[in-house]
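Undergrad: Here it is, the structure, as structure tokens.
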Amino acid sequence: MKKVSQLICSLALGTMMALPSIAQPLEQPNSPDYNPKATYDGPYKMNTWSISAHIGPSMFFGDLREYDFWPVTKTNSDSHKESGTFQGGISINKQLSYLFGARLDGSIGKLRGMKRRTYGRYFETGYGDVSLSGTVNLKGLLLGPNKMKRWKVDVYAGIGQVFYDATAYSLVGGTTLRETGKKNDWMIPTGLNVSYELTSRLDLGLDFRLNHTNSDYLDATYGGDYSLNPTEFSIKDQKTSRKGNSELDSYGYGSVQLTYKLGKKALKVKKVDGKWDYKPEDGYYNLRYTDPKVLLKPVKILTLEEMDSVAKANRPKDIDPRLLLDTDGDGVSDFFDKEPNSPAGSVVDGSGRVLDFDTYVKNALATGAACSEIFANVQFETDKNVLKPEFQEMLKNVAMLMNKNGCRLQLAGHADRRATDRYNMGLSRRRVDAVKNYLINEAGLTDPSKVIVDYFGSFKPIADSATRDGLQKNRRVELKLLP
């Protein structure tokens, strides 16, 4: 019993150690469907349930047992024997991880034994039992997942209950000596299970089990007390616990087992060119035979040539050079410019078409049309920020349009290059202020907040500063009407 207890403790500890691994993600950072929260139900889904049926001969180990090995059949004159009994049952299996699992077992059967020389008795017992056991994948633990990959060898141990009704008889005349009546007691199952994967759904195997009970009554007797008069002592009145001087009774079986693996789209484990072949869309392996770790592709370290190849394959398309060019300097790139050769300094719309700013403003005032983006330039003399008379009427019309239609106005001041950058920045700012002040103080603009002001010195020329005409065009304040 001490060894059995140690085995149970080891299995329980192993199962507890396995449980945290169930929640660990199947990490594959280089996978396109990588999910850091994925478990066995994540990108690599594993089937984990199965159900088994088994049948085979049963064996008794206790006081009324004359032979230690089966099958050896000895009969007396009344043809009584201690062998030839069978049992059968069903198991529900759950694989918690590749190495550890659990099984719920139920079985029914018969036991028989005899003792001719000493006691002249034999017994027969009908029993049923149910148990819960923890399993250890011995093949995976010792050989790993890549050897004997269609084989599964488990050892297991657990705890359960046995329900029995035993009767002892005399070998002479078959007289009933004692009956236990219906009783139950604790038992500890230990065993070995060997399975082979026939198909993606079916496994064929052998199951060998020894059940250690907490009773000495499975044979309707108790050790060392056979001489008691049955009329003076009744087993039916006794609790199911050890009596007498012998060891507790045990029983077991060896059986053929057929297992059906549950789950969706079951796959049979296979290798291609020495590697595990797995595609999630094809179906799912069963955790009974497959360690999820072997399905994970290792992180690949790319060589310089491979990195260069990846970079070239993922290189974005080249930008159309027309997006970077403005041939006519009207502020609209050639890619969008409907008139890419408009004269320098022309007022254009958003498509680069030449517009007459003053005419547009007058038409908008007359029709009440909503404002659109349109540009104009107010030019200045060298080193001056005084507004020329020819631009004053246009600015008055702009103010009227802003008051009437709610337009906004963006002002940007500029200078030519015949001074230091610091001086030109100040000059361009003074020019912007001159236009803004005229709009507010002279043209009658009612809401100064509609004017947006900026200045750039000589950093944004629109014409060649090497010519007199180019210098004149660069000394400007740009007006941009906005909706």
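Undergrad: Ordering Tyr122, Tyr455 by how much accessible area each has at a 1.4 Å probe, largest first, what is the list?
TA: Result of the area sort, largest leading: Tyr455, Tyr122.
Undergrad: Next up: Working only with C-alpha atoms, what are the Rg and Dmax values of the range 352-483, expressed in angstrom?
TA: Cα only, the range 352-483: 14.6, 46 Å (Rg, Dmax).
Undergrad: Moving on to the next point. Enter the Cα centre distance for the pair the range 433-483 and the range 93-116, rounded to the nearest angstrom.
TA: With the range 433-483 and the range 93-116 each reduced to a Cα centre, they are spaced 94 Å.
Undergrad: Could you state how much accessible area Trp151 has, in square angstrom rounded to the nearest 10, with a 1.4 Å probe and all protein chains kept in place?
TA: Roughly 100 Å² of Trp151 is accessible to a 1.4 Å probe.
Undergrad: Roughly speaking, to the nearest percent, how much of the range 373-422's 1.4 Å accessible area is carbon and sulfur?
TA: Of all accessible area on the range 373-422, carbon and sulfur atoms account for 45 percent.
Undergrad: For a quick check of understanding: with a 1.4 angstrom probe and all protein chains in place, what accessible area in square angstrom does Tyr260 have, to the nearest ten?
TA: 100
Undergrad: In the structure displayed, which of Lys338/Lys480; Lys94/Lys261; Lys362/Lys396; Lys396/Lys460; Lys152/Lys268 lie more than 21 Å apart, Cα to Cα?
TA: In this structure, Lys396/Lys460 exceed 21 Å between Cα atoms.
Undergrad: With +1 assigned to the C-beta of every Lys and Arg and -1 to the C-beta of every Asp and Glu, and no other charges, what is the dipole magnitude of the range 354-441 about the Cα centre in debye, to the nearest 20? Can you show the working numbers first?
TA: Values: 13 positive and 10 negative charges, 61 e Å.
The calculation lands at about 300 debye.
Undergrad: Which value does Rg/Rh take for the range 289-438 over its C-alpha atoms, Rh per Kirkwood?
TA: In the range 289-438, Rg relative to Rh is 1.32.
Undergrad: For the range 332-483, give the magnitude of the charge dipole about the Cα centre (Cβ charges: +1 Lys/Arg, -1 Asp/Glu; no others), in debye to the nearest 20.
TA: Using Cβ point charges on Lys, Arg, Asp and Glu, the range 332-483 gives about 380 debye.
Undergrad: Can you list the HN-Hα couplings for the range 91-102, worked out from phi with the Karplus curve (6.51, -1.76, 1.60; θ = phi - 60°), rounded to whole Hz and with x for Gly and Pro?
TA: 10, 10, 10, 10, 8, 7, 8, 4, 9, 10, x, 9
Undergrad: So with the 1.4 Å probe, I'd like the accessible area per residue for the range 128-181, rounded to whole Å².
TA: Per-residue accessible area for the range 128-181 comes out at 42 Å².
Undergrad: Could I ask something else about it? For the range 129-190, what's the relative contact order in percent, using C-alpha pairs closer than 8 Å and at least 6 residues apart?
TA: Numbers: 100 pairs, mean separation 21.7, N = 62.
Reported as a whole number, the value is 35 percent.
Undergrad: Where does the range 114-186 land on the Kirkwood hydrodynamic radius, alpha-carbon pairs, in angstrom? Can you show the working numbers first?
TA: Numbers: mean 1/r = 0.0631 Å⁻¹.
About 15.9 Å, per the Kirkwood formula over Cα pairs.
Undergrad: Still on this structure: Using modelled backbone amide H atoms (1.01 Å from N, in-plane), which distant-in-sequence or interchain residues come within less than 5 Å of Ala166's amide H?
TA: Distant-sequence amide H within range of Ala166: Thr180, Gly181.
Undergrad: Continuing with this model, one more query. How would Asp454, Asp358 line up by accessible area, probe 1.4 Å, largest first?
TA: Largest accessible area first, the list is Asp454, Asp358.
Undergrad: For His54, His212, give the ranking by accessible area with the largest first, probe 1.4 Å.
TA: Highest to lowest solvent-accessible surface, that is His212, His54.
Undergrad: The range 406-428 to the range 198-214: how many Å between their Cα centroids?
TA: Going from one Cα centre to the other spans 91 Å.
The values are calculated or read from the model by the stated rules, or taken from the named source; none is laboratory data. This is a predicted model, so every value here is computed, not measured. With ideal geometry, Cβ positions are generated from the backbone for all residues, glycine too; neighbour counts draw on all protein chains shown. Note: accessible area is taken over every heavy atom of the protein model, side chains too, but ligands, DNA and RNA are not part of it. Shrake-Rupley method; radii C 1.70, N 1.55, O 1.52, S 1.80 Å.
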